[in-house]
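Undergrad: Pasting a structure below so you can have a look.
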Amino acid sequence: MSTIQTPSGSMAPGASVLHALARNWWLEVLRGVAAIIFGILAFVWPGITLFTLVLFYGAFVLVDGVLAIAAAIMGGDAAPRWWLAIVGLAGIVAGALTFLWPGVTALVLLLFIAGWAIVLGIFEIIGAIRLRKEIEGEWLLILNGAISVLFGLVLLWRPGLGALAVVWIIGAYAIILGVIYVIFGLKLRKHASA
């Protein structure tokens, strides 16, 4: 891939972000795999208790948050990756709150999940917009962000859903999210080798 140069000779703003993400493409793939595993576990054990769901959710968002922060930090240059760091921090905070209060009610857990999904989605859309001229398939990240925001809004709209329905909704969301992360990571891999 050739570097996009501005008239002053420096890389275009999104190009440095793309190169930083492409060098660590495998982190996006790991985020996807973690999401897929979480989603499958939610379907394999549909009779899951709220406490177990809290633990699975807490572990999932902590891992996702740490991997997102790692992707933001490991770029090597000073490219603006603040949006990815904010997504990571939101995941770590949501996971920590989940583990600190394992006896939370289903409503509070749903609000944590909904808030995290909305924050994740908004900042993924922002990240995709920054990368739109630098990478093919940025629509995948926009789609992922839109699905995350819609998922969060649905949970806010219908917080009284039964525990089984919530587990299945969360499982389906995590699997879709994971598949999109894996596809996006593999697209980044092409840029890393170019």
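Undergrad: Looking at 179, 149, which one is in contact with a helix residue (DSSP H, G or I) (Cβ under 6 Å, 6 or more places away or on another chain) and part of a helix (DSSP H, G or I)?
TA: Working: 179 fails: in contact with a helix residue (DSSP H, G or I) (Cβ under 6 Å, 6 or more places away or on another chain).
Among 179, 149, only 149 is in contact with a helix residue (DSSP H, G or I) (Cβ under 6 Å, 6 or more places away or on another chain) and part of a helix (DSSP H, G or I).
Undergrad: When you look at residue 23, is it farther than 27 Å from residue 110 by Cα, at pLDDT below 85 and either of a type outside the set (D, E, K, R) or surrounded by fewer than 20 Cβ atoms within 10 Å (Cβ to Cβ) (or both), yes or no? Steps first, please.
TA: Numbers: farther than 27 Å from residue 110 by Cα: yes; at pLDDT below 85: yes; either of a type outside the set (D, E, K, R) or surrounded by fewer than 20 Cβ atoms within 10 Å (Cβ to Cβ) (or both): yes.
Considered against the rule, which asks whether it is farther than 27 Å from residue 110 by Cα, at pLDDT below 85 and either of a type outside the set (D, E, K, R) or surrounded by fewer than 20 Cβ atoms within 10 Å (Cβ to Cβ) (or both), residue 23 comes out as yes.
Undergrad: If residue 167 satisfies every condition in (1) modelled with pLDDT under 80; (2) surrounded by 15 or more Cβ atoms within 10 Å (Cβ to Cβ); (3) under 23 Å from residue 26 (Cα atoms) but one, which is the exception?
TA: (3)
The values are calculated or read from the model by the stated rules, or taken from the named source; none is laboratory data. Because the structure is predicted, anything quoted here is derived from the model rather than measured. Glycine gets a Cβ as well: all are built from the backbone with ideal geometry, and neighbour counts include every protein chain shown.
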